[in-house]
Structures are given as structure tokens and as C-alpha cells.
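One structure below.
The values are calculated or read from the model by the stated rules, or taken from the named source; none is laboratory data. The structure presented is a predicted model; accordingly, all values stated were derived computationally and were not measured. Note that we place each Cβ from the backbone using ideal geometry, even for glycine, and neighbour counts take in every protein chain shown. Keep in mind that these areas ignore ligands, DNA and RNA; they rest on the heavy atoms of the full protein, side chains included. Shrake-Rupley method; radii C 1.70, N 1.55, O 1.52, S 1.80 Å.
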Amino acid sequence: MTAIDPTAHLTAEQIEELGRELDAIRDEVIASRGEKDAAYIRTVISAQRKLELVSRGVLLFSFFPPAWLLGTAGLSVAKIMDNMEIGHNILHGQWDWMRDPKIHSTTWEWDHVSPADQWKHSHNELHHTYTNVIGKDNDLGYGIMRVDEDQKWHPFHLGQPLWNFLNACFFEYGIAAYDLELGKNLHKRRRNTPEFRARAKAVGRKIRKQVLKDYVIHPLLSGPSFLTTLAATFTANLVRNIWTHSVIMCGHFPEGVQTFERRSIKGETRGQWYLRQMMGSANISGSRAMHFMTGNLSHQIEHHLFPDLPSNRYAEVAVKVRALFEKYELEYVTGPLPKQVFSAWRKVFRLSLPNKKPKVDAPDRDQELVAA
């Protein structure tokens, strides 16, 4: 929330016209989806599976340093691909139109400790509906950080740079925790509800499955390379977690991205919803390879406007969306990854401190003399 509303110059009619123009962009992409798009996601899934298989095979000999480096790098990339370009986007329903039961949001499960159905609720239904609305969007600060100057400061917030770093390192577990909405469910009465217990057990089962696969079965198969394979898998998960956290944080936390009060979305129209997505998201500029490795979430603005469009189409959509930003005189927040990461972390540190007291100007001496 800023003191000056960057959308104040828009009339209600302009906002709804903007909504209609964005609807037209979405309709155009939906009408043109076809075999080329389907071939893209099938190729990506095949490449990811082959890369993971080869990397795990190399790690069977990870007691040789070159094999450890090669296998760890490959497994890190495979895990990022699985989470970002494949899992995240399939679970958004971006490929449901293919009617392929193997590549569908209702059947897909990913390499992540958070069960797909719980993630879809917290992410698709809550985060994308209430983007950057303080107190409604759990992705905004993950429930452990102060994200706006208007939020009351507590001494706990002094540690938020540390909390954010730890959250980055173990991001998949942080996601699982807030998918469970632990913050509000830690109260004993809520913790004892059948619904919460069932969800907690589902997370526990998924964690056991992931730990068994990554830290028991695969290292055991490596025989004499057990410890080095264990270290390689931990490193790959760490790399995936930090990369994913960085991309997501850059999408909603850099300077220039707006946050919103709950009351601001009361009676929100479609045009106003679109406008909130535009002002509450930020992009990352870069190469095609970089866009791919972010799961095309480098086009975060376009993703939030059209979360169910195929991710491989966001680049072409971005050209049209950016033109609308210029047409309606809105700021298109974007920049290279290092810039966006620095901006987001600077904000984390700034908001960890209490607000500075407004400076009281010294009385004007000439005015005092006139008054006298």
C-alpha cells in the first residue's frame, strides 16, 4: 500500500475496458492452443525424466568428484524443471485442455513434500484469488514476514531476514507448512479437527515418501557412494529450494509492487481484479533459458492475469500486456534477476525495522517573526 495510488488516474470505465482487452488476449490464446503446445509439454516432461534418470545414474559413482559435480548439477536442474515448468503449471490446469489423464491437474503429483491437492487449494484458490491482499494471501511474506509499512511492527520482525533465508533453504517444507495454514491451526482446538488431522497426515505421508526416495533408497543403491550420493541429493534439493524461493519472491516482493487492504477488494469487478494482478506482480527479464528455468514465472504479471494459459505462450502474451501498461500509463515492474533479488531482499531488511518517525520540520524563523 502506497500513499499515492498509482491507478488513481484511471476511471471506472477505463478499468473495465482494460478488463475487456485482457479478456480478448486470453480468448485469442485459448482459441489457438493446439498440437504444437501439446508437443512442447510432452517434450519437456520427457527431457526432465531422462535428465533425472541419467543424473541419478551418474551419482551411483559419486565418490569420484567429477561424477558428483555432474550428477548433482543434473539432478538440481531436473528437480527445478519438475517443480517449475512442469509441476506448478500442470497443477494450475494449464494443460487440462489436452484431455490427457497423465498430464492433468487432477492426477499429477510432483517431486515436492506438499501434496498436490493441498498446494492447489492454498496457491490456486487463495493466492491467485487474493494476490497481495494482506491477511488473505499467505504467499505474501509466508506468514513470517512483515510486508508493508502499514503493518504493525513487532520485535519478532527483526529476525525476518534470517527467517526468510531459512525459508529459502527449506522452501518445500515451508510451503507444506503454510499449505496446512499452521499459523492459524496451532491452536489446540483447531489442531484437533478431523479435517486438519487428515491434511497433516497427508503431508506426513508425502514427506516420508520424499525422504525415503531421496535420502534412503537412492543412496543405498549407490553402495560405496552412499554418503556422497546423500550429500548430492541434499545439495540438489537445496539448490531447487533457493532457486524456487528466489523466483517466487521476485514475483511479488520487489520495490514497486503494490499490496492491498482487505477492504479494497470488496465488490471487486473483473476489471479491478485484473488491475490488482497487474500492480501486485513483477517480472524478471532475461534469456529464453532463464525464462524456462523459472517455469516462465519470470512472466509473473502475465501468469497472474492468465494462470491457466500454457506457460510456453507467456512470452508472446507479454508483448501485448506490456503495451496495455503503456496505454493506461501503469508501471510495468521488471528487471534482471540480480536486480529483482536485491530489491526484494532490501525490502525484507527495511521492513524488519520499525517505521522511521516522520521528521518534524523546524519552524520557519521568518514566519515566527511575522507571527510575533
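Tell me, yes or no, whether the range 173-181 has at least one residue that is part of a helix (DSSP H, G or I) and in contact with a His (Cβ under 6 Å, 6 or more places away or on another chain).
no
Being of a type outside the set (A, V, I, L, M) and within 24 Å of the chain's Cα centre (by Cα) is the filter; apply it to the range 20-42 and report the residue that is farthest from Lys327 (Cα to Cα).
Selected residue: Arg42.
Would it be correct to say that Arg365 is touching a strand residue (DSSP E or B) at 6+ places or on another chain (Cβ under 7 Å), modelled with pLDDT under 95, open to solvent by 90 Å² or more (accessible area, probe 1.4 Å) and not aromatic (Phe, Trp, Tyr)? Let's see the steps before the verdict.
Numbers: touching a strand residue (DSSP E or B) at 6+ places or on another chain (Cβ under 7 Å): no; modelled with pLDDT under 95: yes; open to solvent by 90 Å² or more (accessible area, probe 1.4 Å): yes; not aromatic (Phe, Trp, Tyr): yes.
Considered against the rule, which asks whether it is touching a strand residue (DSSP E or B) at 6+ places or on another chain (Cβ under 7 Å), modelled with pLDDT under 95, open to solvent by 90 Å² or more (accessible area, probe 1.4 Å) and not aromatic (Phe, Trp, Tyr), Arg365 comes out as no.
If we keep just the residues of the range 334-353 that are more than 26 Å from Arg288 (Cβ to Cβ) and open to solvent by 70 Å² or more (accessible area, probe 1.4 Å), which is farthest from the chain's Cα centre (by Cα)?
Ranking the qualifying residues of the range 334-353, first place goes to Leu353.
With respect to the numbered conditions (1) outside any loop (DSSP other than H, G, I, E, B); (2) on the phi > 0 side of the Ramachandran plot; (3) of a type outside the set (A, V, I, L, M, F, W, C), which one is the sole condition not fulfilled by Glu316?
Status for Glu316: all satisfied but (2).
Being modelled with pLDDT under 90 and either in contact with a Lys or Arg (Cβ under 6 Å, 6 or more places away or on another chain) or open to solvent by 10 Å² or more (accessible area, probe 1.4 Å) (or both) is the filter here; which residues of the range 123-139 pass it?
Ile134, Gly135, Lys136, Asn138, Asp139
Is it the case, given these coordinates, that Glu52 is within 30 Å of Thr229 (Cα to Cα) and either touching a helix residue (DSSP H, G or I) at 6+ places or on another chain (Cβ under 9 Å) or at pLDDT below 95 (or both)?
Values: within 30 Å of Thr229 (Cα to Cα): yes; either touching a helix residue (DSSP H, G or I) at 6+ places or on another chain (Cβ under 9 Å) or at pLDDT below 95 (or both): yes.
In short, yes.
Residues that are under 21 Å from Asn164 (Cβ atoms) and at pLDDT 95 or above, at least 1 per element: which helices (runs of 4 or more DSSP H) completely within the range 204-297 meet that?
Qualifying helices (runs of 4 or more DSSP H): 226-252.
Regarding Ile284, is this residue under 21 Å from Val29 (Cα atoms), without any contact (Cβ under 8 Å) to a residue 60 or more places away in the chain, among the β-branched types (Val, Ile, Thr) and buried (at least 17 other Cβ atoms within 10 Å of the Cβ)?
Criteria not met by Ile284.
Output the number of residues of the range 191-246 satisfying the condition of being touching a residue at least 24 places away in the same chain (Cβ under 8 Å), of a type in the set (A, V, I, L, M, F, W, C) and either open to solvent by 70 Å² or more (accessible area, probe 1.4 Å) or touching a strand residue (DSSP E or B) at 6+ places or on another chain (Cβ under 9 Å) (or both).
Going through the range 191-246 one residue at a time, the tally reaches 1.
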